[in-house]
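Written below as structure tokens is the structure these notes are about.
The values are calculated or read from the model by the stated rules, or taken from the named source; none is laboratory data. All figures in this text were calculated on a predicted structure; none of them were measured in a lab. Positions of Cβ are generated from backbone atoms using ideal geometry, with glycine treated the same way; all protein chains shown enter the neighbour counts. Note: areas computed on protein heavy atoms with side chains; ligands, DNA, RNA excluded. Shrake-Rupley method; radii C 1.70, N 1.55, O 1.52, S 1.80 Å.
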Amino acid sequence: MSEAVKTKVESALKAAGLTADLTVKNPRRIYLQIDPKDLVQTARAIFALPGVRFAIASGMQTGTGFEVLYHFAFDSDNCLVNVRVFTEEDPPVFDSISSVVLAAQYIEREMHDLLGLQFRNHPGLERILLSEDWPEGVYPLRRGKPWEGKVEKRI
Amino acid sequence: MSAVVPIGPFHPLQEEPELFRLHVDGETVTDIEVEIGWNHRGIEKISEGKTFDQVTYVIERICGICSTSHPIAYVQAVEDIGGVEVPERALYIRSIIGELERIHSHLLWVGLAGHFLGYNTVFMWAWKYREPLLDICEFLTGNRNHYAMMKPGGVRRDIPAEKIPQVYKMLDEMVPKLQMLAGAIIDDPVLHARLKGVGVLSKEDCRAYGALGPTSRSSGVPGDIRRDHPYAAYGLVDWNVVTQEAGDAYSKGVVRVLECFESIKIIRGCLERLKELPEGPEYIDAKITDVPPGEGIGHHEAPRGETFHYVRSDGRNRPIRHKVRAPTFMNLWTCKATIIGESITDAVIVLAAIDPCYCCTERMGVFDADSGKRLYDGRDLIRLSHERTRAVRKELGV
């Protein structure tokens with residue numbers, strides 16, 4: 001359960017020289033807030049642990065900025081470790097973890113499409129879900145004023 | 001000579017839109033590009049405008065095959081926010097519906113795989129045997145698909161004691177048919193020659209791509225959310241995780257066929273317990289009145305792998321963020337590892353072997369770019385279909 005995973009994650013982070021704010025919400029969920037500059041190192045430390053699986057990342061716009069939650073599953077311990085990064089910058093820029101976790105590049109492309117998050121050192125930050133003629137700079141999952149522009153028709 | 005072979009986005013071999021560009025050198029596939037997004041429906045955004053109860057119905061419509069997987073994952077995410085205890089009877093009912101769905105989904109895949117390979121008899125058998133299952137789904141829930149059984153805190157409908165014998169009867173009749181189908185597939189020399197060693201996915205690639213469900217279990221990775229993160233009644237009944245070691249298209253098929261038997265075991269175990277538990281509306285629903293501020297995660301082992309839902313609440317009656325990740329979003333990319341180096345003739349079955357469920361992964365209506373008006377809706381399509389039927393009748397003179 002969470003105790004074993006908590007110890008594992010804490011010692012892995014300590015070995016990598018990182019500090020993190022760790023919260024055990026319940027025996028099956030651990031949340032961890034980190035500084036965005038430590039993101040790649042943290043992902044490397046956690047993804048190197050035995051039995052870990054990258055589940056997915058959830059990006060969102062909160063009231064004050066942008067947040068990404070990376071979900072790592074520890075299947076044999078019945079526990080999910082969720083790594084949270086937050087930025088107030090606009091445009092929001094994070095480091096891409098795809099050099100560590102190959103599977104993350106696709107969800108990073110999705111977050112780039114839907115929320116306008118930028119990922120440094122991404123191998124190809126292209127559109128994944130939105131159509132090619134979708135206007136630049138319009139992000140469906142962002143809050144605020146709806147976009148009122150017009151799309152140029154192409155046949 | 002190298003060339004590019006596009007499959008899709010609309011192709012008679014695919015039931016749903018997806019674009020694969022196969023780069024081939026002679027007959028060997030050298031690279032593959034996958035383009036998704038042909039069916040983006042904006043469900044995550046729609047979710048933010050619905051109440052917690054309404055979202056269950058919206059996300060049930062994400063997928064037409066594994067329609068209950070998304071609600072099971074979602075209701076668990078909502079329950080995870082406030083730490084709600086779900087009544088035991090509801091847990092068993094959730095598992096029964098989840099497993100009925102798994103069998104019909106796997107049979108559907110077996111049929112399609114047979115069809116892709118030119119085994120149309122397998123296609124006919126598998127889909128014929130699937131029919132009584134769908135009838136039982138209708139008998140229990142009122143619908144062959146889109147059961148609308150889940151709700152945050154429990155289930156919407158009970159399975160009363162008088163309905164249980166008919167489910168047993170269906171399962172008893174199903175087993176010999178499945179055994180016959182399994183035997184025909186597992187022992188068929190032509191299928192062995194055609195599928196063994198084709199599209200092999202290694203354990204390392206499973207980990208790198210985050211492969212899920214039967215796709216990873218056929219590569220010897222024993223991951224199954226039902227056993228690893230027990231939820232519903234999966235930790236309360238006896239069953240086994242099916243794994244295979246080879247990681248080829250054949251193993252993926254075998255895992256799915258054998259899993260049907262485990263699902264039957266789970267359903268029987270759950271039905272046994274249902275008979276002992278008290279019946280009544282108060283035993284199937286925890287009656288959630290509000291969702292506190294916070295965040296929650298729910299996941300369910302759908303027929304194709306783990307369905308993952310993340311829900312955040314700010315204390316009002318609707319989610320402020322709802323992230324949906326379908327298993328195919330992870331599994332689809334493994335084709336980069338499996339298809340390169342294979343012959344173009346095997347491409348279809350290798351792509352089909354992960355059982356891609358596009359409607360889950362894709363999330364697009366046809367809109368006019370100038371006016372923003374929807375060009376086609378369901379009624380238009382039916383009208384077009386009727387017109388076409390009339391034109392054909394006229395042509396044939398009937």
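Our summary gives the stretch A:15-155 a relative contact order of 19 percent, counting only alpha carbon pairs under 8 angstrom and 6 or more residues apart.
If you take every residue apart from B:Gly341 with its C-beta less than 12 Å away from the C-beta of B:Gly341, what net charge results, scoring Lys and Arg +1 and Asp and Glu -1? Summing Lys and Arg as +1 and Asp and Glu as -1 gives -4. Over chain B, the Kirkwood radius and the radius of gyration, each from Cα atoms, give a ratio Rg/Rh of 0.98.
For the stretch B:154-279, pairs of C-alpha atoms spaced more than 25 angstrom apart make up 39 percent of the total.
Which order do peptides B:185-191, A:41-47, B:39-45 fall in by mean Cβ count within 10 Å, highest first? Don't skip to the answer; put the middle values down first.
Values: B:185-191: 13.7, A:41-47: 20.6, B:39-45: 16.6.
The peptides rank, most packed first, as A:41-47, B:39-45, B:185-191.
Shielding value for B:320-326 is 5, the average number of Cβ atoms from other chains within 10 Å of each residue's Cβ. In straight-distance terms, cross-link reach from B:Lys45 covers every one of the lysines whose alpha-carbon lies under 24 Å from its own, apart from those fewer than eight places away in the same chain; here that gives A:Lys145, A:Lys150, B:Lys151, B:Lys323, B:Lys373. Coordinate range of the alpha-carbon atoms in the stretch B:21-100 per principal axis, descending: 60, 31, 22 Å.
Note on B:Lys177: lysines with a C-alpha under 27 Å away, same-chain residues under 8 apart excluded, are B:Lys128, B:Lys163, B:Lys169, B:Lys196, B:Lys252, B:Lys265, B:Lys275. Counting Lys and Arg as +1 and Asp and Glu as -1 over every other residue whose Cβ lies under 13 Å from the Cβ of B:Thr121, the net charge comes to 0. Other protein chain C-beta atoms within 10 Å of residue C-beta, averaged over A:49-58: 6. Of all DSSP bridge pairs formed entirely within chain A, close to 75 percent run antiparallel.
The Kirkwood radius of the stretch B:214-352, taken over pairs of alpha-carbon atoms, gives through the Stokes-Einstein law at 4 °C and 1.567 mPa s a diffusion coefficient of 72 µm² s⁻¹.
The residues of the protein assembly as shown have, on average, 42 Å² of accessible surface per residue, using a 1.4 Å probe with all protein chains present.
In whole percent, and with a 1.4 Å probe on the protein chains, what portion of the accessible area of the protein assembly as shown is carbon and sulfur? Walk me through the intermediate numbers first.
Details: 12440 of 23190 Å².
That share works out to 54 percent.
Each of the peptides A:15-24, A:88-97, A:72-81 was scored by the mean count of other Cβ atoms within 10 Å over its residues; in descending order, highest first, they stand as A:72-81, A:88-97, A:15-24.
How long are the semi-axes of the equivalent ellipsoid of the protein assembly as shown, defined as square roots of 5 times the Cα gyration tensor eigenvalues? Whole Å, largest first.
Details: eigenvalues 225, 189, 140 Å².
Computed over the protein assembly as shown, the values are 34, 31, 26 Å.
What number comes out for the charge environment of B:Arg21, summing +1 per Lys or Arg and -1 per Asp or Glu over other residues with Cβ under 13 Å away? Show your work: numbers first, answer last.
Details: positive: B:Lys336; negative: B:Glu18, B:Asp31, B:Glu33, B:Glu35.
Value of the local net charge: -3.
Counting, for every residue in A:86-94, the Cβ atoms of other protein chains within 10 Å of its Cβ and taking the mean gives 0.
Just tell me which lysines come within less than 27 Å, Cα to Cα, of A:Lys8; anything on the same chain fewer than 8 places away is out. Partners within reach: A:Lys25, A:Lys37, B:Lys203. With N the number of residues in the stretch A:1-131, Rg(Cα) / (2.2 N^0.38 Å) evaluates to 1.02.
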